[in-house]
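Novice: Have a look at this one before I ask anything.
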Amino acid sequence: MTKKLIEIQKILKAKSNKKAKKSSEKFIPSEEKIYGVKVPVLNELAKRFKEGGFELVEELWRAGSFEEKLLASKILGKICKKDPSRTLKLIKKFSKEIKSWAVCDTLATQGVRGIANLKKEEIFSISKKLIKSKNFWQRRFGIVLLVNFAKEKSLKEEIEKIIKLVENDKEYYVKKAVEWIKRKIK
């Protein structure tokens, strides 16, 4: 465990809040440990610790709490332009370990937003592969990746084609992602 991770965990413990923890547990059901730290604190930590780079992102993800994974996703978004290929490898790896919609959505949007246009083909390819996964979090992740392109009218038809493959999915969180992307591309 690096000094940076130890420092972050101390801050997470110090900034934890029982009310925030209860709220997270209610609205973001997850199997992961939850500190109960509000998102603005995580945003500040992402700015402060982005120099930790990809190594810190991976270490935070492995540490495994809800907030650590959110923070890893946010830091990844701040550094993704430094190594877009490594970013894509990490999101594919991390997608196998997602256990909540909040981590899923943060990683799929904020985690790649900075390289979305640069790596559009690869992201679409990842999306097409993941929506066929047996893991419903990966299917959701595959859909939410497309949110990065929802405003591009030229991609609407391609996004609709991909969504069609999962629009009858029975999983609640996949259905919600389909509804979300449909609203975004109108």
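Novice: Quick check on L155: is it assigned to a helix (DSSP H, G or I), over 18 Å from P29 (Cβ atoms) and open to solvent by less than 10 Å² (accessible area, probe 1.4 Å)?
Specialist: no
Novice: Can we say F66 is on the phi < 0 side of the Ramachandran plot, of a type in the set (F, W, Y) and surrounded by fewer than 20 Cβ atoms within 10 Å (Cβ to Cβ)?
Specialist: no
Novice: State yes or no: is G77 without any contact (Cβ under 8 Å) to a residue 60 or more places away in the chain, under 23 Å from G53 (Cβ atoms) and outside any helix (DSSP H, G or I)?
Specialist: No, not satisfied.
Novice: I'd like the full set of residues that are in a loop (DSSP other than H, G, I, E, B) and under 14 Å from S73 (Cβ atoms), limited to the stretch 101-124.
Specialist: Selection gives Q110, G111, V112.
Novice: I've got another one for you. For the stretch 8-35, enumerate the residues that are in contact (Cβ under 8 Å) with a residue 24 or more places away in the chain and not β-branched (V, I, T).
Specialist: Listed by number, the residues that qualify are Q9, L12, K15, S24, P29, S30, E31, E32, K33, Y35.
Novice: For the subset of the stretch 102-126 comprising residues that are more than 21 Å from S24 (Cα to Cα) and acidic (D, E), which member is most open to solvent (accessible area, probe 1.4 Å)?
Specialist: Across the stretch 102-126, the extreme among qualifying residues is E121.
Novice: Return only the number of the condition from (1) crowded, with 17+ Cβ neighbours inside 10 Å; (2) assigned to a loop (DSSP other than H, G, I, E, B); (3) of a type outside the set (G, A, S); (4) out of contact with any Phe, Trp or Tyr (no Cβ under 8 Å at 6 or more places or on another chain) that I163 does not satisfy.
Specialist: (2)
Novice: K129 versus (1) surrounded by fewer than 23 Cβ atoms within 10 Å (Cβ to Cβ); (2) in contact with a Phe, Trp or Tyr (Cβ under 8 Å, 6 or more places away or on another chain): which is the lone unmet condition?
Specialist: (2)
The values are calculated or read from the model by the stated rules, or taken from the named source; none is laboratory data. If you're wondering where the values come from, they're calculated on a predicted model, not measured in any experiment. Here the Cβ is made from the backbone with ideal geometry for all residues, glycine too, and neighbour counts use every protein chain on show. We work out accessible area using only protein heavy atoms, side chains counted, and drop any ligands, DNA or RNA first. Shrake-Rupley method; radii C 1.70, N 1.55, O 1.52, S 1.80 Å.
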